[in-house]
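The values are calculated or read from the model by the stated rules, or taken from the named source; none is laboratory data. Since this is a predicted model, take the numbers as computed values, not measurements. Neighbour counts run over all protein chains shown; Cβ positions are idealised from the backbone, glycine included.
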Amino acid sequence: MFFLLRLAVIIQATWLSPLSTAESIAQVDKDSITFSSNQAETTVDIIKKLTTQHFQKQPIDDALSQNLLTQYLGLLDPTKSYFLQEDINEFQKWKFKLDDLLKSGDLSPGFFIYKRYQQRASKRLQENIALLESGFIFDLNKDESLSIDTEANKWQDSTKDSDNYWRKKTKEAYLRLKLNDKDPEEVRKLLIKRYTNLKKRIHQSDSEDVFQLYMNALTGLFDPHTSYLSPRSMKNFRISLSLSLTGIGAVLELDGEHTTIVSVIKGGPADKQGILKTGDKIVAVAQKKQDFIDVVGWRLDDVVELIRGKKNSLVRLEIVPAKGSITGANQKIEIVRDKIQLEEQAAKSEIIEVPTTVDGNNHIYKIGVIEIPTFYLDVDALHSNDPDFKSTTKDVVRLINELHTEKNVDGFILDLRNNGGGFLQEATMLTDLFIGKGPIVQVKNANNVTSRAHQSRSSIYYNGPLLVLINRLSASASEIFAGAIQDYNRGLIVGSKSYGKGTVQIQLPLKEGQIKLTESKFYRVSGESTQLLGIIPDIELPSPYDIERVGESALKNALPWDTIAPAKHSIYWSALLKNPPIDILRRSHHKRLLEDPDLVYLKEELSLIKERSSIKELSLNEKKRKMQSQEYDNNLLAIENKRRKAKKQKNYVSIEEWRSEKNASKDKNKDEDQRPLSEKDLILYEAGNIFADYLNHIFLSSEKQARAR
C-alpha cells in the first residue's frame, strides 16, 4: 500500500553546544554549504508568485523580515535549546534586511545562520557522546526536573546554563529508556549510537536541504499550506503517491526530533491492526525479527524508507503512545505491509439496531450507517469511459438502494469521521443526492472574485431522515458536504468540531522545484468560511482530539475565518420534519452523558488524558516518575472498574489484567469483533441514540398530524 508523506522540515532537530561568537565561522567544514545562482533565481520567482498569486496579499517588507527571522530560528531550534542568546543577538543585524536581500536573491543570512546551527550541533553531539563514554553516572535520586514547555523556554544565556540544560536533557532520555525496561548499559550504548547517527546526519545536509528550510520559513508566513518543494522532495512526494509502493498506511510528519503519526489511512495495514493512532511517536523501527533501529532525530524520508517495504513483509515499530505519552511506557507493535486498494477506501455500510421507547412502547430502529473514508474517484477509468468506474457517489447510491429499498432502514447516518477530503467534484455530487438543485459551495480567489459553479443540479435522490457524523479529522471536502447539509437544514450534524481546512492550493513550477500556493478559500452557501472554525456540529460529542493541538487553528499563520454574501438556497429539514427538536435532542444526549456508564467513562478518560498532556515539566527522579506512571495507571483502572460496576461486570484486579484482555481483543480481526457497539465504537453508538430520538420525534409528529386529520 502506498505511504503518504506529509511535507515537513527536512533538517532534523539536533542537540547543540555553545560556541563563542569568535569561534563561529572558523569552524565551518571545508565543504561549507553555499547557495547557487539557480537558488537565487528561484527565490526571486517565489517572491513574485507569493506577492501576486497568494490569496493573502502580504507585502515583503520590514515586518515580514522580522517575522521571517523569528520563524526560521523557530524551525531550526523549536525548543530554544540550541542557540545561545548571544547568537540571537548577533542575528538581529538582519532583522529588517531579509526582505530586501530576498528580493535580490541573496540567501547569505539563511545559510550563515544554518552554519552556526550546524557547528553547535556537531560540538554538542560530540560532548554528549563523550559524557556517556566516560561512564558518567546520572543521579536518578536527585530531585530535579526538565521543562518541556517550549512556549515558555528562553534562549540559554551562558555556556554553563546550556551545559546544565543538556545534562538534564540527556538524563531524561536515559531515564525514559530505563523506565521502558532497558538495561542501563544498553541504554548508554543506545544513546551513544543515537548521538553518533545524529552527528553524521547533521553533516549530510546539503544546499538543497538548507534552501528548502529557509524558503519554507518564508512561505509559512503566508499560511501553513503554502510551501516550497525542492527537486528531491518532489521526487519523494511523487513516489509516496504511487500505488506500487507498500507500507503501513499512515501519514507522517516530523515534529521536532520525532516522527509523528498525523493520521491512519482507512482500510490500510495500520488501520486493520488497530493500535497505531494519531499523535503516536515512532522512536524505533525493526525489520521482521531484527534488532530495532533508533530513529529519534532522523530525517523524515529516511524513517519512511525504513518503514516502506515489500508486500506481506513484517515491520515492527516502537512507539510512544499519544495517550499518556509523557511518562508512560513505550509500546512495540507489528504490522504486515500491504498495498492500498481503492476498494479498501470505498464507502461501506452496516445496519445498527437501536432500542428505544415510542409513546410508551418498546421499539427498535434499524439505522443504515454508510462510512465514507475519503472522497474518491477512479479518474483513469472515468477518462477511458469505463461504465464501472469507482466513485464515492456511485457507491453511496448503491448502498442507499441496498439498505433503504431492500433492508427497509428507518434512516441513514453518513460517517465522515477521519475523512480528510479528496475530490471536490465527489463532495458536490454526493451533496446533490440529498438537497436537490442549488448551490453547494462558493469559492473566492486572490482577486476577490467569487464563483458559485459548484451546484447541485438534480432532484433529491433520498429525502428521508439523515445524520452526518464528523470529528476533528474531518476536513476539506468533508466540511463542504457537512456545511451544505447544515446550511440547507437537511439533516443533523453530530460529533466534534471539524478540522477547519477551507483553503485551495495549486502547484506552480519554479526554476528549481515547485511552490504549493494557497490561491482560494471555500465559503458555505450561508457565506461563512469553512476555514479555521470548521463545521460546528448541532450536537457535540466527546472527542479524543485536543482542539488546541489538532486542526487548522493549531497551525501557525492559518488564514482567518471570514464571511462573504450568502448564496440563495432552500431551508428545510425533510418532507417529514420542518422543525427539528435540537434542544430536545441535546437534553436527551446530556442526560446520557451523565448516566450512561460508557459515556461517563469516555469523558473521565479524556479528562485524565488532557490533564496528563498539560504537564509542563518532567521529573528526573526515577522514583517520582514511576509513582506518576503508577498513579496514572491506577486512575485509568479506577474509572474502568467504575464503568464495569455500573454495568454489573466483574472488576479487574490489576492494570496488567486489564491490558492483557485489551491486547487480546485488539489482536482479533475487526470483522470478527463481537463486542457491543457501545464498546467497539461508542461515538457511533451515541450518534445512533441521538438519531433514534430524532426518529421518535418524526414518528410522534406524524402520529399527531394523522390524528388531526
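The number of residues in the stretch 605-622 being among the small types (Gly, Ala, Ser) and within 21 Å of Arg167 (Cβ to Cβ) comes to 1. Of a type in the set (Asp, Glu), farther than 30 Å from Ile506 by Cβ, assigned to a helix (DSSP H, G or I) and in contact (Cβ under 8 Å) with a residue 24 or more places away in the chain: does that describe Asp87? It is true that Asp87 is of a type in the set (Asp, Glu), farther than 30 Å from Ile506 by Cβ, assigned to a helix (DSSP H, G or I) and in contact (Cβ under 8 Å) with a residue 24 or more places away in the chain. From the list Ile485, Ile480, exactly one residue is under 18 Å from Glu426 (Cβ atoms) and either of a type in the set (S, T, N, Q) or over 22 Å from the mean Cα position of the chain (by Cα) (or both). Which is it? Only one candidate passes the filter, namely Ile485. Could you say which residue among Lys30, Lys48, Lys57 is more than 24 Å from Asp163 (Cβ to Cβ), at pLDDT below 50 and assigned by TED's automatic domain parsing to the domain that holds Ala130? Just one listed residue meets the conditions, Lys30. Can you name the residue in the stretch 266-320 that is among the acidic types (Asp, Glu) and farther than 27 Å from Leu75 by Cα and, of all such residues, is farthest from the chain's Cα centre (by Cα)? This residue is Asp291. Inspect all residues belonging to the stretch 612-622 and state whether any of them is within 27 Å of the chain's Cα centre (by Cα), more than 22 Å from Gly274 (Cβ to Cβ), among the aliphatic types (A, V, I, L, M) and surrounded by 12 or more Cβ atoms within 10 Å (Cβ to Cβ). Yes, some residue in the stretch 612-622 is within 27 Å of the chain's Cα centre (by Cα), more than 22 Å from Gly274 (Cβ to Cβ), among the aliphatic types (A, V, I, L, M) and surrounded by 12 or more Cβ atoms within 10 Å (Cβ to Cβ). If I filter the stretch 181-202 for residues that are in a loop (DSSP other than H, G, I, E, B), touching a residue at least 40 places away in the same chain (Cβ under 8 Å) and in contact with a helix residue (DSSP H, G or I) (Cβ under 9 Å, 6 or more places away or on another chain), do I get at least one hit? Checked against the condition, which is being in a loop (DSSP other than H, G, I, E, B), touching a residue at least 40 places away in the same chain (Cβ under 8 Å) and in contact with a helix residue (DSSP H, G or I) (Cβ under 9 Å, 6 or more places away or on another chain), the stretch 181-202 yields no hits at all.
Could you identify the single residue in Asp395, Asp338, Asp359 that is surrounded by 15 or more Cβ atoms within 10 Å (Cβ to Cβ), out of contact with any strand residue (DSSP E or B) (no Cβ under 7 Å at 6 or more places or on another chain) and farther than 28 Å from Ile480 by Cα?
Working: Asp395 fails: farther than 28 Å from Ile480 by Cα; Asp359 fails: surrounded by 15 or more Cβ atoms within 10 Å (Cβ to Cβ).
Selected residue: Asp338, the only one of Asp395, Asp338, Asp359 that is surrounded by 15 or more Cβ atoms within 10 Å (Cβ to Cβ), out of contact with any strand residue (DSSP E or B) (no Cβ under 7 Å at 6 or more places or on another chain) and farther than 28 Å from Ile480 by Cα.
Sub-6 Å Cβ pairs linking a first residue in the stretch 664-686 that is under 17 Å from Asp598 (Cα atoms) to a second residue that is at pLDDT below 75 and part of a loop (DSSP other than H, G, I, E, B), at least 6 apart or interchain, are Lys680/Asp673, ordered by first then second residue. Scanning the stretch 457-473 for residues that are over 15 Å from Glu426 (Cβ atoms) and touching a residue at least 60 places away in the same chain (Cβ under 8 Å) gives Tyr462, Asn463, Gly464, Pro465, Leu466, Leu467, Leu469, Ile470, Asn471, Arg472, Leu473.
The residue that is farthest from Ile582 (Cα to Cα), counting only those in the stretch 455-511 that are in contact with a His (Cβ under 8 Å, 6 or more places away or on another chain) and part of a strand (DSSP E or B), is Gln505. For the stretch 482-496, the condition holds for at least one residue, the condition being that it is touching a Gly at 6+ places or on another chain (Cβ under 8 Å), in the same structural domain as Arg524 (by TED's automatic domain parsing) and without any contact (Cβ under 8 Å) to a residue 60 or more places away in the chain. The set of residues in the stretch 512-543 being closer than 20 Å to Arg452 by Cβ, assigned to a loop (DSSP other than H, G, I, E, B), over 18 Å from the mean Cα position of the chain (by Cα) and in contact (Cβ under 8 Å) with a residue 60 or more places away in the chain consists of Arg524, Val525, Gly527. The number of residues in the stretch 389-430 being in contact (Cβ under 8 Å) with a residue 12 or more places away in the chain, acidic (Asp, Glu) and not in a loop (DSSP other than H, G, I, E, B) comes to 4.
Name the residues in the stretch 276-295 that are among the aliphatic types (A, V, I, L, M) and crowded, with 18+ Cβ neighbours inside 10 Å, would you?
Of everything in the stretch 276-295, those that are among the aliphatic types (A, V, I, L, M) and crowded, with 18+ Cβ neighbours inside 10 Å turn out to be Leu276, Ile282, Val283, Ala284, Val285, Val295.
Here Ala567 meets the list (1) in a loop (DSSP other than H, G, I, E, B); (2) modelled with pLDDT of 90 or more; (3) touching a Phe, Trp or Tyr at 6+ places or on another chain (Cβ under 8 Å) almost entirely, failing just condition (3).
Which of the residues that make up the stretch 131-154 are farther than 15 Å from Lys616 by Cβ and either of a type in the set (A, V, I, L, M, F, W, C) or touching a residue at least 24 places away in the same chain (Cβ under 8 Å) (or both)?
Going residue by residue through the stretch 131-154, those that are farther than 15 Å from Lys616 by Cβ are 131-143.
Those that are farther than 15 Å from Lys616 by Cβ and either of a type in the set (A, V, I, L, M, F, W, C) or touching a residue at least 24 places away in the same chain (Cβ under 8 Å) (or both): Leu131, Leu132, Glu133, Phe136, Ile137, Phe138, Leu140, Asn141, Lys142, Asp143.
Scanning the stretch 27-64 for residues that are of a type in the set (S, T, N, Q) and surrounded by fewer than 19 Cβ atoms within 10 Å (Cβ to Cβ) turns up Gln27, Ser32, Thr34, Ser36, Ser37, Asn38, Thr51, Thr52, Gln53, Gln56, Gln58. Condition (residue is under 31 Å from the mean Cα position of the chain (by Cα) and either closer than 23 Å to Lys189 by Cβ or of a type in the set (Gly, Ala, Ser) (or both)) applied to the stretch 126-139: is it met by at least one residue? No, the conditions are met nowhere in the stretch 126-139. Within the stretch 317-328, none of the residues are farther than 26 Å from Met627 by Cβ, surrounded by 15 or more Cβ atoms within 10 Å (Cβ to Cβ), at pLDDT below 85 and not assigned by TED's automatic domain parsing to the domain that holds Ile148. Thr530 meets each of the listed conditions (1) closer than 30 Å to Glu151 by Cβ; (2) surrounded by fewer than 23 Cβ atoms within 10 Å (Cβ to Cβ) apart from (2). The set of residues in the stretch 586-610 being farther than 18 Å from Thr356 by Cβ, in contact (Cβ under 8 Å) with a residue 24 or more places away in the chain and more than 22 Å from the chain's Cα centre (by Cα) consists of Pro597, Val600, Tyr601, Glu604.
Would you say Ile440 is closer than 23 Å to Lys501 by Cα and touching a residue at least 24 places away in the same chain (Cβ under 8 Å)? For Ile440, the condition - closer than 23 Å to Lys501 by Cα and touching a residue at least 24 places away in the same chain (Cβ under 8 Å) - is met.
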